């Protein structure tokens, strides 16, 4: 199974763990990444994801996120095709630029699922015909593991 995690997933283990939902999502993400290291899942990254990480202001958190990101064994480059698909997604919805780029990159990678902790993004994608399923990592872990 091929999985694309967006930037909020890589950030989640470094968020406030006193909130139960954040803690559970963090555990799910870390388990998914561990299964990626074990070769059970193929974890896909992208230049878009790397740019998104570079935009993080907290240097320490950025370094920690990049450490988690090292598990990605495939990296999708930004292409004109991804740009066009991203624009199509934005025209059909209220999905923002980086989120639409992540979806387009996940589709290009032929990922089975794109994981996000962004509830609004997950809800917006339900109305679209996408080549990748967008879902919360905790829901994915519950179903897949």
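Quick look at the values:
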quantity: Relative contact order computed over segment 17-112 (Cα-Cα under 8 Å; 6+ residues apart), in percent; calculated: 28 percent
quantity: Packing-based exposure ordering (other Cβ within 10 Å, fewest first) of 86, 93; calculated: 93, 86
quantity: Size of segment 2-144 as Cα extents on the principal axes (Å, biggest first); calculated: 38, 30, 28
quantity: Rounded if a/c under 1.5, otherwise prolate or oblate - segment 22-74, Cα gyration tensor axes; calculated: oblate
quantity: Value at 222 nm in deg cm²/dmol, rounded to 500, when DSSP H runs of n ≥ 4 in the chain each add -39,500 (n - 2.57); calculated: -16500 deg cm²/dmol
quantity: Prolate/oblate/rounded label for segment 30-114 (Cα gyration tensor, a/c 1.5); calculated: oblate
quantity: 0 to 90° range, to nearest 10: angle between helix 20-37 axis and the chain longest Cα axis; calculated: 80 degrees
quantity: C-alpha center-to-center spacing [segment 1-31, segment 114-138] in angstrom; calculated: 15 Å
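Just so you know, all these numbers are worked out from the coordinates, no wet-lab data involved. Predicted model, so just to flag it, every value in this text is computed and none were measured. Because the Cβ atoms are built from the backbone with ideal geometry, glycine has one as well, and the counts that use them run over all protein chains shown.
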